[in-house]
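In what follows, a structure is listed as structure tokens, so that the remarks can point back to it.
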Amino acid sequence: MKYFTLLFILIFSTLTEARDKPERVKNYEAQLATAEGIERISPLAELAKYYAYENPESSIRYASEALELITAHKDFSRAMFTHHYLVLAYYNAGKFDLMEKQLEIYAEVAKSVAEKDELAMLNKDYAYLYSRRDSNYTKAIPYLIKALELYRQMPPETDNINAAIGGTLNDIGLMNYYNDNFDKALEYYTKALNTVGYQNTVYVVRTLGNIALIHRQYQRYDEALDYYFRALALARKHKSYNRIAEQLINITATHVQKKDYVSALTSIKEAKELNQSIGDMRNKFQISRYTGEIYKGQKDYESAVEHLNSALKIATEMKTPRFVAESEMALGNVYIEKENYQSAIVHFQKALNIGKELEFESLTMNAHLDLSKAFRAVGNTDKAYENLKDHYRLKEIRLDEGRVKKLAELEEQFKAEQRESEIQILTKENELKSLQIERQTYQRNMWIAGLVLLAFVSFFLFYRQSQKRKITAERAEMMAELVEKKNQLLADVSHELRTPLTVLQLKVEALQHNLVEDVNASYDGLMTKIGDINHMISDIYQLAQSDIGALKLDLKENNCKQTFGSWMEEFSSVVKAKDFKWQQELNIAEEVCAIFDEARIKQVINNLINNSLAYTDAPGKILFTANIADKWLVIKLEDSSPGVPPALHQKIFERLFRVESSRSRSTGGSGLGLSICKSIVDAHQGKIFAADSPQGGLSITIQLPVSKGRAH
């Protein structure tokens, strides 16, 4: 009777769950329909694996029966595998208490039978538990790093190990993303995508989606959608319906941020229909949440509150603090729209409490800001001011941490150069001691050799004195050069920081004496100026590295046409977003390669494009060309009017130099961009120079050496 019941469930799930399932899954289901006893373990375990993502409840049924049979028949070959997918099914179903209990059993079994890859899976499962249930991403990261170490200790005989490495790198990136460390997250996502054996797996879907999430943080919604649609296409190719639903939800969220509610409704409707057969609790939460956001955007506040309360209920049942806080914030913002400020304050305060308790820095900042608006609306200016002050205090702490880190790096670099100079001086002194020993030896030989060697001894004494003077002069020169570079750096810093600091002082004095009407605008202005100062410090730091010869290059041989071709869409998007016309010409053969640091050369081109956008009259035109001429890779960027007088073409690369004309200081910037470009090109043993552009503006040409034997 038990098997007939399971067969009925199998037939029903075939109709309702796995539309167009992979052939292997159909084979496992066919095997299960006829298998008995120990023979059922293998198809049950494989089906538990498949449905862990596609339908967690079905996975739980399959895995539970498989573990019962494993225990009854004492066949532990698939024990760890099945425990892992049962844990994963509980995770995707949002049943974290059951997940934790199963992990305890799983860990006990691992003590006696686990291999390295199975121990790695166990560590990853603990990381998933802490990240989802407790939202403790810092605690999760060491478990993922341990899993990564275990995978790397295994011989990469199959793509499965490399795929596992790529997936773990992706998970570490996601934990860093949730900790607001976007640069670190992107670093791990890139490593994952570059892992051989991972690139063509279904797991790449989430990596592409995670990169899109970073684009959303910087409001680059079109770029985010491009990554999401690539992820969706890959999920459809692999027929992974859970991942299809996830990407549809992500696409919905991006459309909501763009306020394109019609497109958002289309994608969320498909996701909802798909998830009904999957039963993923996380997807269910996100569907309710973003449906509420869509209704809010359409000003149907009652429907918005209904769906957001549903999302809050699901998040509470899942015991996921981050989701609970997000729901509270979303509800608070709906009540702000409804002008029900007291209800908004209640929800914002709950979100703030969670943010403080779990140290969610960005959430805490946003909750303080929203509370300030709500308190101001009800006339409680003291509370409004208190929350606004806390918001800017946290924001300033984040900016200060960034500045302190930059200055510490600069100071450490300077100390390193001092230590290097001391080592060089010590080496010279050791050489001098060696010469003195040689002198004594020669003197003894001269007494033996007699007057015949007197002329030689005189010559040697003269040589020793000249060497000593030379060493002393070199030592003095090195010390003078070090002091000069330090003084130049301090002069650059003081010159560039004087103006913004003066502006900051005036704004602070205006606030102090209540001379401004819009306090929030003044605070925003202060934060903007602080950001400008931080950007200046970054530019000066990079030039300082170049001055002391510490500019590090990651030199690799790059296929020129392929590398530049991959950049063109990004450059075109940036230019067109400013209503400028973009034109490109890549006249490079397929086989041509050049040795350069890809990130640094892309930084140079980005600087030049931003320079053109800042100084060219709109609507303007920017032309990018690249070709090979006499074993040089020639990159040229031309823009339309206004131009630069020919007499100043070389001066624009000097530090802090600005053309006092229509290309003026009013456009902002630190005046260091072109200097940085020159320092990077010089470090590549290349050339950079300016000329008049046929388009009526400025033309910047870069020449980089082509790899030997690769230019045709």
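What the table shows:
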item	result
Some residue of the range 187-206 being at pLDDT 90 or above, of a type in the set (Gly, Ala, Ser) and either more than 23 Å from TYR53 (Cα to Cα) or open to solvent by 70 Å² or more (accessible area, probe 1.4 Å) (or both)	no
Filtered residue count, the range 577-598, keeping only those that are open to solvent by 70 Å² or more (accessible area, probe 1.4 Å) and either touching a Phe, Trp or Tyr at 6+ places or on another chain (Cβ under 6 Å) or of a type in the set (A, V, I, L, M, F, W, C) (or both)	3
Total residues in the range 592-639, condition assigned to a strand (DSSP E or B) and of a type in the set (A, V, I, L, M, F, W, C)	15
Any hit, the range 293-316, residues being outside any helix (DSSP H, G or I) and touching a residue at least 60 places away in the same chain (Cβ under 8 Å)	no
In the range 249-283, residue farthest from PHE323 (Cα to Cα) [restricted to those that are in a helix (DSSP H, G or I) and touching a residue at least 60 places away in the same chain (Cβ under 8 Å)]	SER277
Tally, over the range 79-101, of residues that are within 21 Å of ALA311 (Cβ to Cβ), part of a helix (DSSP H, G or I) and touching a Pro at 6+ places or on another chain (Cβ under 6 Å)	1
Any hit, the range 657-674, residues being surrounded by fewer than 19 Cβ atoms within 10 Å (Cβ to Cβ) and modelled with pLDDT of 85 or more	no
Residue in the range 284-302 that is modelled with pLDDT under 90 and of a type in the set (A, V, I, L, M, F, W, C) present	no
Cross-chain or 6+ apart pairs with Cβ under 6 Å, the range 188-212 first and more than 15 Å from GLU223 (Cβ to Cβ), then charged (D, E, K, R) and open to solvent by 20 Å² or more (accessible area, probe 1.4 Å)	GLY197/ASP159
Pairs, first touching a residue at least 12 places away in the same chain (Cβ under 8 Å) and open to solvent by less than 20 Å² (accessible area, probe 1.4 Å) in the range 372-389, second part of a loop (DSSP other than H, G, I, E, B) and hydrophobic (A, V, I, L, M, F, W, C), C-beta under 9 Å, six or more apart	ALA384/VAL378
Breaking point among (1) part of a helix (DSSP H, G or I); (2) closer than 26 Å to VAL574 by Cβ, for GLN219	(1)
Which listed residue, of LEU148, LEU169, LEU129, LEU119, is surrounded by 23 or more Cβ atoms within 10 Å (Cβ to Cβ) and in a helix (DSSP H, G or I)	LEU169
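The values are calculated or read from the model by the stated rules, or taken from the named source; none is laboratory data. Predicted, not measured: the structure shown is a model, and the values here were computed from it. Neighbour counts run over all protein chains shown; Cβ positions are idealised from the backbone, glycine included. Keep in mind that these areas ignore ligands, DNA and RNA; they rest on the heavy atoms of the full protein, side chains included. Shrake-Rupley method; radii C 1.70, N 1.55, O 1.52, S 1.80 Å.
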